[in-house]
Amino acid sequence: MSLLVKLFALGIFSTEKGSKAWFELILVTGALCASGYLIWWQIPLLLLSIFLGTLAAGMFSVLCPQYLSENQSVQIDSQVSKTLSIISRFNAIQLESLSELELAARIKTIQKAIRILESHPEILKEASGFLSTLEVLEISRDFALAKSEYLREKSEALRIQSKLIERERQRRIREDRIRKQQKVEEQQNKLEAIRKEEGFTGGCPPDNRDTEPTCPLGYPVKVTLHGTEDGYDGIIWSASHGKYLTIKPRWCYKSVEEALQERGYRFREPKR
């Protein structure tokens, strides 16, 4: 930025007078606009620099003798060309850090700038700085397009990979669901076999039947198989009964109602 200020000051405080002073002011201001475009990528600055450059080129054709001596050739200010080159390279390097969306927007801007410069060949002939700028823009465009294609392919590869990972996750979920269902069915079949062997139509056997039998989780109601004087096969003991903890279950049920519906045996609740 300080360099741009110096360039502008050079044009304002030129020691030349008359038309030469105006020529140098226009020329340096055009370079300033071109440099500003290369920094901020604003198309209006590029258009203004081309307009001023065209104007300066027309003035130079008249002022050319004043800038020539016997052994000199016409040369564009090397500092301006150097400045344009430095800023152009800086913006080209900046492309490395742009995201895919930012890169797409920058490509559109670069292509528009190239079209504008190519539509004014007279400026490119007169000002090597603009020619250098065009070359850098073309290199930047090619690099940006290549990087954009790389990012697109990378994004597509990540999308496909993500899709495959999700597909694998869903497959594992289905397999896990199937295994759980198969396990439930195996347990149910095993329970049905035990019920048939024991003569029950519902409920389940207690855990630790040979030592300290206890009803499993989900089957809290206990029944005993001791015939009663009134013809029942056993007694139903719910957790609310005072003797519940002392009862060793012969069979277990989810509820008192399920025990009462047992068809293999006849149970009743304790008499009050």
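Nothing in this text is a laboratory measurement; each read-out follows from the coordinates by a stated rule. These figures come from a predicted structure and were not determined experimentally. Neighbour counts are summed over all protein chains in view; Cβ atoms, including those assigned to glycine, are modelled from backbone coordinates with ideal geometry.
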### Query
Taking θ as phi - 60°, what are the ³J(HN,Hα) couplings along segment 95-110 by the Karplus curve (6.51, -1.76, 1.60), each to the nearest whole Hz, with x for Gly and Pro?
4, 4, 9, 7, 6, 4, 5, 5, 5, 4, 5, 5, 4, 4, 5, 4
### Query
Once amide H atoms are placed 1.01 Å from N in the peptide plane, what residues at a sequence separation of 5 or more from residue 236, or on another chain, have their amide H within under 5 Å of its amide H?
268, 269
### Summary
For segment 173-245, averaging the sequence separation of alpha carbon pairs under 8 Å that lie six or more residues apart and dividing by its residue count, the contact order in percent is 14
### Message
Amide H of residue 219 versus every other amide H placed in the peptide plane: which residues, excluding those fewer than 5 positions away on the same chain, fall under 5 Å?
### Response
none
### Query
How large is ³J(HN,Hα), in whole Hz, for each residue of segment 260-272 in order, when computed from phi with the Karplus curve 6.51 cos²θ - 1.76 cosθ + 1.60 and θ = phi - 60°, using x for Gly and Pro?
5, 8, 4, 9, x, 9, 10, 10, 9, 7, x, 6, 8
### Query
Where does each of 221-231, 190-200, 159-169 land if you order them by average Cβ count within 10 Å, highest first?
221-231, 190-200, 159-169
### Task
Only Lys, Arg, Asp and Glu count, each charged at its Cβ (+1, +1, -1, -1), so figure out the dipole size of segment 135-272 about its Cα centre, rounded to 20 debye.
220
## Note on the structure
The pairs in 196/271; 196/254; 190/254; 190/222; 180/254; 183/254 lying past 26 Å Cα-Cα in this model are 196/271
### Summary
Shape call for segment 178-272, from the Cα gyration tensor axes a ≥ b ≥ c (a/c under 1.5 means rounded, otherwise prolate when a/b beats b/c, else oblate), comes out prolate
